[in-house]
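What follows is a set of notes on a single structure, which appears directly below.
The values are calculated or read from the model by the stated rules, or taken from the named source; none is laboratory data. Bear in mind that the values here come from a model prediction, so they are computed numbers and not experimental data. Neighbour counts run over all protein chains shown; Cβ positions are idealised from the backbone, glycine included. Accessible surface is based on the protein model in full, side chains and every heavy atom, while ligands, DNA and RNA are left aside. Shrake-Rupley method; radii C 1.70, N 1.55, O 1.52, S 1.80 Å.
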Amino acid sequence: MGTLKKPAETSAPIHDLIRHRWSPRAFDSRPVEAEKLRSLFEAARWAASSYNAQPWYFIVGTKDDPETYHKVLETFVEFNQSWAKQAPVLAVSVAKLKFDDGRPNRHAFHDVGQATAYLAAQAEALGLSAHQMAGIDPEKARKLFNIPGEYEAVSGMAIGYAGDPASLPEELRKRELAPRERKPLDSFVFASQWGKGLPLLNSK
Ligand SMILES: Cc1cc2nc3c(=O)[nH]c(=O)nc-3n(C[C@H](O)[C@H](O)[C@H](O)COP(=O)(O)O)c2cc1C
């Protein structure tokens, strides 16, 4: 079976990496090559961040380290566990909530998100997929991995080669095959006032 493609239907041209990235729930059992895994975190490393604080951390479990893999899986809510356990690599992102001088870093979660987005784009470039998850238990992650108090688990991630949608239960298979959807540009890009679309975006 060829890998399922779900290209974004766009109102303007965008880079192929962004057009083709999507979040599968079916994963192939094929392991992720070590050098590719390294590239994913190298891409995350080069994200921009407030004061270059780089507040991102990742806890990673691969299937060839079953103990860590299962600990990461346990931090996911049951629904996410049900499909993510197919993926050969699981991860939890963690934010450092304060700068080194002790001031709160209001953009810590933002910057962890940026690093994760870079990782996901790099995954797409390497033929891999990364599916992010809000459905995790941050306190469980704290306990299982001894995450210190000034850090907080942000999201889970399943990483691997997208698999056969037929491997999913029917409801998830339907969602896997559905087209990707987004709100229109004028619903979130504003100009003169909140809610007023940027006129430039409408000129063709
Ligand atoms: C921060 C974040 C949290 C998410 N949480 C979950 C989740 O807990 N479970 C899940 O199945 N998908 C989750 N997703 C995937 C989204 O549902 C998905 O990205 C969205 O529907 C858009 O689809 P696309 O990524 O294929 O374009 C999450 C995505 C992000 C970025």
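Before moving on, here are some points about what is shown:
- Three-way shape call for region 97-149 based on the alpha-carbon gyration tensor, with the a/c threshold at 1.5: oblate
- Residue (of ALA121, ALA166, ASN146) at the positive-pole extreme of region 81-188, dipole from beta-carbon charges: ASN146
- Other residues whose C-beta falls under 14 angstrom from the C-beta of ALA121 contribute a net charge of +1, scoring Lys and Arg +1 and Asp and Glu -1.
- Nearby lysines by direct alpha-carbon distance to LYS5 (threshold 25 angstrom, same-chain neighbours under 8 apart not counted): LYS36, LYS85, LYS174, LYS183
- Our helix-only sum for the chain, with -39,500 (n - 2.57) per DSSP H run of n ≥ 4 divided by its residues, gives a mean residue ellipticity at 222 nm of -9500 deg cm²/dmol.
- Note on LYS96: lysines with a C-alpha under 20 Å away, same-chain residues under 8 apart excluded, are LYS140, LYS143.
- Sorting GLU176, GLU78, GLU42 by accessible area puts them as GLU78, GLU42, GLU176; the probe is 1.4 Å, largest comes first, and only protein heavy atoms count.
- Efficiency of FRET from Cβ geometry, ARG106 and SER167, R₀ 41 Å, rounded to 0.05: 0.50
- Lys, Arg +1 and Asp, Glu -1 on Cβ, resulting dipole of the chain about Cα centre, debye, nearest 20: 560 debye
- Dipole-positive endmost among LEU90, THR75, GLY102 within region 65-106 (Cβ charges, Cα centre): GLY102
- Surrounding net charge for ASP28, when Lys and Arg each add one and Asp and Glu each subtract one, Cβ distance under 14 Å: +2
- Surface composition of the chain: carbon plus sulfur atoms hold 53% of the accessible area, using a 1.4 angstrom probe and ignoring ligands, DNA and RNA.
- Three-way shape call for the chain based on the alpha-carbon gyration tensor, with the a/c threshold at 1.5: oblate
- Each Lys and Arg contributes +1 and each Asp and Glu -1, all at the Cβ; summed about the Cα centre of region 110-204, the dipole is approximately 320 debye.
- List SER11, SER50, SER82, ordered by accessible area with a 1.4 Å probe, largest first: SER11, SER82, SER50
- Estimated distance in nm for a label pair at ARG38 and SER192, the labels positioned 7 Å out from Cα along Cα-to-Cβ: 5.6 nm
- Using the 1.4 Å probe convention, the accessible area of region 1-151 works out to 56 Å² per residue with neighbouring protein chains retained.
- In this simple spin-label model, placing a label point 7 Å from the Cα along the Cα-to-Cβ direction at both LEU177 and THR3 gives a separation of 2.1 nm.
- Check: region 113-155 dipole with +1 on Lys, Arg Cβ and -1 on Asp, Glu Cβ, in debye: 120 debye
- A simple spin-label model places the labels of GLU150 and ASP65 2.5 nm from each other, with each point 7 Å out along Cα-to-Cβ.
- The chain, relative contact order [Cα under 8 Å, separation at least 6], %: 28 percent
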